[in-house]
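A.B. asks: First the structure, which I've put down as structure tokens, then a few questions once you've had a look.
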Amino acid sequence: MTDASIEAALGKLDLDAKARLLAGRDLWSLPALPEIGLKSLVMSDGPIGVRGVRWTADDPSVALPSPTALAATWDPGLARRAGTLLAQEARRKGVHVLLAPTVNLHRSPLGGRHFECYSEDPYLTGEIGTGYVRGVQSGGVGTTVKHFVANDAETERFTVDTIVGPRALRELYLAPFEAIVKNAHPWGIMTAYNQVNGTTMTEHRYLVNEVLRGEWGFDGVNVSDWTAARSTVGGIEGGLDIAMPGPKTVYGAELAAAVRAGEVEEAVVDDAVRNVLRLAARVGVLEGAEPAVTELPAAIDGDALAREIARRSFVLVRNENRTLPISATEVRTVALIGAAARDARVLGGGSATVFPEHVLSPLDGLTAALPEGAVTYAVGAYPSDELAVAGEKFELRAVCRDAAGRVIGEGSLPSGQVQWTGDDLPEGVTLETLRSIEIKGTFVPRESGEHAFGTRGLGAFTLTVGGEVLWWEGVQEQGNEADPFEAFFGAPAERGRVALTAGEPVELSLAHPVNKAPGTPLSAIMFSLTHLGPQRAADELIAEAAEAARAAATAVVVVATTDRVESEGFDRRDLKLPGRQDDLVRAVAAANPNTVVVVNSGSPVELPWRDDVAAVLLSWFPGQEGGAALADVLLGAEEPGGRLPTTWPAAFEDAPVTEVTPTDGQLHYTEGVFIGHRAWDRAGTAPAYPFGHGLGYTTWEYESLEATPTTATVQVRNTGTRAGRETVQVYLAPQADSVERPARWLAGFAQVEAGPGESAEVEIPLRRRAFEIWDEGESGWVFVPGAYEVRAGRSLLDGRLSATLDARG
Ligand code: BGC
């Protein structure tokens, strides 16, 4: 029925309409074609929420924990529920396709979008991604699994040529895509900006047409990453169906012209149109075709799910003398310390950004859960001495004016950042009429002292605080050729300082002339008002925090990265915590033996003091309910459920891959299949915390393991005093190898729940693929027979039981 509707619809379209359908109508959607009953298909980012087509807090979204956190749950079922919630969010916002999940690998901890990917392990990535895609699509919303492929770092991301051998490509980087395509049948895939072995991914016939569609049977749509489509003929012949965003792209009129000039066969265009119509049918925007989902899943409470995922993702990597949970029978006074304890960093930067309706910080969470007066707060250390986009305590709006200075519209602002595209302007405003934007509003300082204000972005600015003009810069307006990413990610500039009093509101204004030609792709208007509160002397802040720690039963220090450290658009330079946070932890730990450190980062950071504190809990970017989940876990209402999806190095230099900067435009994956735990094992260096590691609040005994070439059956017993959940991990280690392989790798995992004293048994399938390698000579998968040790345990390095099996293929 659907195929017939698709063919019928295709048959009614002329070449121009077909070519038009394959190009974005604007930043987020495709054109509607009323002549065939096709509505406009709308897409939106991204992995942890559904932003919708507007970049504004007026249209809030549930913000789930970061993808690294979701992977740390090691629970594809939970990932599926996350996906189902996101489908519900998408439907609420009129979105048909979610630009997610991101399933590139943690090749190097420097990767700027590390927080947005799941794991260093392709199997775990594929399992979590499969759950996620199944969930989203069960709600009738499409996914685009991204970024296909080998887009594992950000430096020179638009052009870098990733040079990677066939074996590493198949066994590592393609593997999650393959698993998701085969197991979850995604309705879309996003081809990346980068090249692979000399061919740009939006034109990669071999990987798209032969591997993805041919070998794996993918029948979804292939959409370019935003502005990644570079050639009309190369794109369409390379299997690229949709060029985003529009309207100016290499498809549309240019594609129709290429067909007329005989450069492209119309049948090739038809194939792409069929893929788009199939997607449209699936999501229910093609009249006459039955959507893939006719009965929607039950409604999900987004706040409750965000909180559940957060506590299930927290990884307790150290817990000396059972410091956690903070016992209910003892004095529960907590000295909460750290800038991020109050201004929580709940998500990573870039296109994954959404605007949650509310955010619960650790301070909110602990204050709500403990009796009045039990929690004290001290900043301790600023993670950054740079100005940041105006946020907390600012109430701002954007006033738009025309050439004559008349107000033509107003937009609300979630923060001091204006980020508008031509088709997403406040009501009544067009690029043709818009000549200036003024960010206007009030700020209520939290602290008295000298406050710095500034700007980020290109062009002219007039900055006024409390009636005083702090800065006037009459430079030429920014041209359309300016790189929008510079304004988005660049360094903020300080423009002046004003002495303010805590609690006394002050008026402010930042005016910026605008002159943009409509229609240019990504011709976004981006600039920000930035601010930095009074910076007290670092030593004084640390001493004050240590004093507070001394006075409390437990000290909880929240350390964090900033969005100038972890974000899309650039890679990290090192793994250090910014500012004086390491000194802060040392001083607090010296003052209070019950010091718990909460690490609020999306990816690994160095924790040089880790053996000198009582407990370390990794909370990732925990999403909007992070603070409530943190209180659940610290106070023992719930146990932390996470296990590391990625090895945490003790020092950056120990990481297996430390280079993400291309040389002459190329980035060589010379390490082959040795990334993550596969590489750590080989190097023989001890990481800070190994892959799979994570403690709960009970203890487990591994009682028995039986292994056949297809299954490992493991029995575990909860030997503690409270109910718990265990993630049973199975690793395979070849005993004698005829081929070069890692010493061992993750072969399977499963979770069990058991009450105190109870035992539980779990069967973990051993996939054939776990015994196979990609044979470069044969160009195919080859089963490697022989003796394998099967090891069941709590992490890569904490094997509890082992058995040997003879695998024959
Ligand atoms: C990112 C994609 C994202 C797209 C749309 C690109 O810059 O790489 O992940 O989906 O923008 O926001």
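A.B. asks: Loop-only trypsin sites (Lys or Arg not before Pro) in region 552-620, please: DSSP not H, G, I, E or B, and at most 16 other Cβ atoms within 10 Å.
C.D. replies: Values: sites: R564, R572, R573, K576, R580, R586, R610; in loops: R564, R572, R573, K576, R580.
Qualifying residues, ordered by number: R573, K576.
A.B. asks: Now, a different point. Please name which of I439, A803, A404 has its Cα lying farthest along the dipole of the chain towards the positive end, using unit charges on Cβ (Lys, Arg +1; Asp, Glu -1) and the Cα centre as origin.
C.D. replies: With unit charges placed on the Cβ atoms, the residue in question is A803.
A.B. asks: From Cα pairs below 8 angstrom and at least 6 apart in sequence, can you work out the relative contact order of the chain, rounded to a whole percent?
C.D. replies: On the way: 2125 pairs, mean separation 123.8, N = 809.
Here the relative contact order equals 15 percent.
A.B. asks: For the chain, what value does the Rg/Rh ratio take when both radii are computed over Cα atoms and Rh is the Kirkwood radius, given to two decimals?
C.D. replies: On the way: Rg = 26.8 Å, Rh = 27.6 Å.
Value, to two decimals: 0.97.
A.B. asks: Starting from region 395-468, pick out the trypsin sites (Lys or Arg not before Pro) whose DSSP state is loop and whose Cβ has at most 16 other Cβ atoms within 10 Å. Don't skip to the answer; put the middle values down first.
C.D. replies: Values: sites: R397, R401, R406, R435, K440, R446, R456; in loops: R406, R435, R446.
Those that pass, being in a loop and sparsely packed, are R406, R446.
A.B. asks: Rounded to the nearest percent, how much of the accessible area of region 2-283 (1.4 Å probe, protein heavy atoms only) is carbon and sulfur? Before the final figure, lay out each step's value.
C.D. replies: Values: 3700 of 7370 Å².
That fraction is 50 percent.
A.B. asks: Also, I was wondering about something else. Got a sec? What order do E447, E653 fall in by accessible area at 1.4 Å, biggest, i.e. largest, first?
C.D. replies: Working: E447 55, E653 130 Å².
Heavy-atom accessible area, descending, gives E653, E447.
A.B. asks: I need the chymotrypsin sites (Phe, Trp or Tyr not before Pro) found in region 577-652, filtered to DSSP loop residues with at most 13 other beta carbons within 10 Å of theirs. Present the calculation step by step, with values, prior to reporting the outcome.
C.D. replies: Numbers: sites: W609, W620, F652; in loops: W609, W620.
Passing sites in region 577-652 do not exist.
A.B. asks: Restricting to Cα pairs below 8 Å that are 6+ residues apart, what does the relative contact order work out to for region 555-672? Please round to a whole percent.
C.D. replies: So the answer I get is 23 percent.
A.B. asks: Moving on. State to the nearest 20 debye the size of the charge dipole of the chain about its Cα centre, where the only charges are +1 on K and R beta carbons and -1 on D and E beta carbons.
C.D. replies: Details: 71 positive and 109 negative charges, 165 e Å.
Roughly 800 debye, rounded to the nearest 20.
A.B. asks: Hey, another quick one. Lys/Arg Cβ at +1, Asp/Glu Cβ at -1, dipole of region 2-283 taken about the Cα centre: which of V53, S5, A17 is farthest positive-ward?
C.D. replies: Value: V53.
A.B. asks: Given a 1.4 Å probe, how much area per residue of the chain is accessible, in Å²? It would help to have the intermediate numbers written out before the result.
C.D. replies: Working: 28760 Å² over 809 residues.
Accessible area per residue, the chain: 36 Å².
A.B. asks: Specify, per residue and in Å³, the volume enclosed by the convex hull of the alpha carbon atoms belonging to region 698-807. Show your work: numbers first, answer last.
C.D. replies: Working: hull volume 8.9 nm³, N = 110.
Each residue corresponds to 81 Å³ of Cα convex hull volume.
A.B. asks: Using only C-alpha positions, report the orientation-averaged shadow area of the convex hull of region 1-47, nm², one decimal.
C.D. replies: Details: hull surface 16.3 nm².
Directional mean of the projected Cα hull area for region 1-47 stands at 4.1 nm².
A.B. asks: Multiply the residue separation of A17 and V782 by 0.36 nm, subtract the distance between their alpha-carbon atoms, and state the gained length in nm to one decimal.
C.D. replies: Between A17 and V782, full extension yields an extra 270.8 nm.
A.B. asks: Please report the projected area of region 346-432's Cα convex hull averaged over all directions, in nm². Display every interim value, and only then the final one.
C.D. replies: Working: hull surface 35.3 nm².
It is 8.8 nm².
A.B. asks: What nm distance separates the two modelled labels at D539 and E395, each placed 7 Å from Cα along Cα→Cβ?
C.D. replies: About 4.1 nm, to one decimal.
A.B. asks: With every protein chain left in place, what is the accessible area of V739 in Å² (1.4 Å probe, nearest 10)?
C.D. replies: Spelled out: V739, probe radius 1.4 Å, area about 50 Å².
A.B. asks: Just to be sure I understand: of the beta bridges DSSP finds with both ends in the chain, what percent are antiparallel, rounded to 5? It would help to have the intermediate numbers written out before the result.
C.D. replies: On the way: 102 of 139 bridges.
So the antiparallel bridges in the chain amount to around 75 percent.
A.B. asks: So for the chain, if I pair up every lysine 8 or more residues apart or on another chain, how many of those pairs have alpha-carbons under 27 Å apart?
C.D. replies: Lysine pairs, 8 or more places apart or on different chains, close enough: 16.
A.B. asks: Quick one: dipole size for region 2-283, taken about the Cα centre, charges +1 on Lys/Arg Cβ and -1 on Asp/Glu Cβ, in debye to the nearest 20.
C.D. replies: Numbers: 28 positive and 34 negative charges, 153 e Å.
Using only the charged Cβ atoms, the result is roughly 740 debye.
A.B. asks: Could you tell me which of T699, V714, A686 has its Cα farthest along the dipole of region 684-743 towards the positive end, charges placed at Cβ (Lys, Arg +1; Asp, Glu -1), taken about the Cα centre?
C.D. replies: Of the candidates, T699 comes out farthest on the positive side.
A.B. asks: Something else now. Using only C-alpha atoms and all pairs of different ones, pull out the Kirkwood radius for region 588-650 in Å with one decimal.
C.D. replies: 12.9 Å
A.B. asks: So, by mean Cβ neighbours within 10 angstrom, what's the order for 99-108, 794-803, 37-46 with the highest one leading? Before the final figure, lay out the partial values.
C.D. replies: Working: 99-108: 27.0, 794-803: 18.5, 37-46: 21.7.
Top to bottom by mean Cβ count within 10 Å: 99-108, 37-46, 794-803.
The values are calculated or read from the model by the stated rules, or taken from the named source; none is laboratory data. This is a predicted model, so every value here is computed, not measured. For neighbour counting, all protein chains shown are included, and Cβ atoms are generated from backbone atoms with ideal geometry for every residue, glycine included. The accessibility values were calculated without ligands, DNA or RNA, using every heavy atom of the protein model including side chains. Shrake-Rupley method; radii C 1.70, N 1.55, O 1.52, S 1.80 Å.
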